[in-house]
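See below for the structure under consideration.
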Amino acid sequence: MLQPIFRIARKITRSIIGVYNASKATMVKAFKSHPRTTQHEFPIVDGDGKLRDVLTRDGLVAGLQQRGGQTPVIEPMAANIPVVRDHEKLIKALEPLKKGAAPAVGVVDSKGRLVG
């Protein structure tokens with residue numbers, strides 16, 4: 001049986017609920033921004049919009065409890081979030097998720113900026 005091949009650019013939703021600048025955002029800002037969201041991973045980008053890493057909901061709660069609200073969001077981030085280009089096949093983005101290797105996958109454009 002043949003599986004349809006989908007390109008990531010056609011499937012990503014450009015409605016990421018929270019994207020935080022690594023040099024500016026604090027834990028309390030992240031917490032207050034999303035008290036009722038079902039989103040569990042929050043992208044952290046640099047000043048150029050490039051993905052630095054992802055703050056997970058568990059990391060957010062632990063960071064608030066252990067470090068306090070003024071802690072920069074960059075400190076309790078998940079590590080080594082894989083990225084794929086927006087023109088890649090969707091299966092390439094799903095592989096790390098299926099393996100449990102990462103809580104999220106970043107989708108970037110040709111300049112390395114986060115798009116999904």
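The values are calculated or read from the model by the stated rules, or taken from the named source; none is laboratory data. The model shown is predicted, which means the values in this text are computed figures rather than measured ones. For neighbour counting, all protein chains shown are included, and Cβ atoms are generated from backbone atoms with ideal geometry for every residue, glycine included. We work out accessible area using only protein heavy atoms, side chains counted, and drop any ligands, DNA or RNA first. Shrake-Rupley method; radii C 1.70, N 1.55, O 1.52, S 1.80 Å.
Numerical summary
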| quantity | calculated |
| --- | --- |
| Tabulated pairs, the range 101-113, first without any contact (Cβ under 8 Å) to a residue 40 or more places away in the chain, second small (G, A, S), C-beta under 6 angstrom, 6+ apart or interchain | V105/A93 |
| Counted residues, the range 46-69 - those being crowded, with 17+ Cβ neighbours inside 10 Å and out of contact with any Phe, Trp or Tyr (no Cβ under 7 Å at 6 or more places or on another chain) | 7 |
| Complete set of residues in the range 97-111 that are under 14 Å from the mean Cα position of the chain (by Cα) and open to solvent by less than 70 Å² (accessible area, probe 1.4 Å) | A102, P103, A104, V105, G106, V107, V108 |
| Single residue of A62, A93 found to be over 15 Å from the mean Cα position of the chain (by Cα) and among the aliphatic types (A, V, I, L, M) | A62 |
| Whichever residue in the range 70-96 is assigned to a loop (DSSP other than H, G, I, E, B), at pLDDT 85 or above and of a type in the set (D, E) and, among such residues, is surrounded by the most Cβ atoms within 10 Å (Cβ to Cβ) | D86 |
| Search result, residues across the range 97-106 that are touching a strand residue (DSSP E or B) at 6+ places or on another chain (Cβ under 8 Å) and at pLDDT 85 or above | A104, V105, G106 |
| Close pairs from the range 82-99: first under 21 Å from K50 (Cα atoms) and touching a residue at least 40 places away in the same chain (Cβ under 8 Å), partner of a type outside the set (V, I, T) and part of a helix (DSSP H, G or I), Cβ under 7 Å, at least 6 apart | V84/K92; V84/A93; D86/A9; H87/A9; L90/K11 |
| Test set (1) closer than 18 Å to M27 by Cβ; (2) touching a residue at least 40 places away in the same chain (Cβ under 8 Å) - G63 fails condition number | (2) |
| Every residue from the range 24-43 that is modelled with pLDDT of 65 or more, more than 16 Å from A104 (Cβ to Cβ) and not basic (K, R) | A25, T26, M27, V28, F31, S33 |
| Given (1) modelled with pLDDT of 75 or more; (2) in a loop (DSSP other than H, G, I, E, B), number of the condition L51 does not satisfy | (2) |
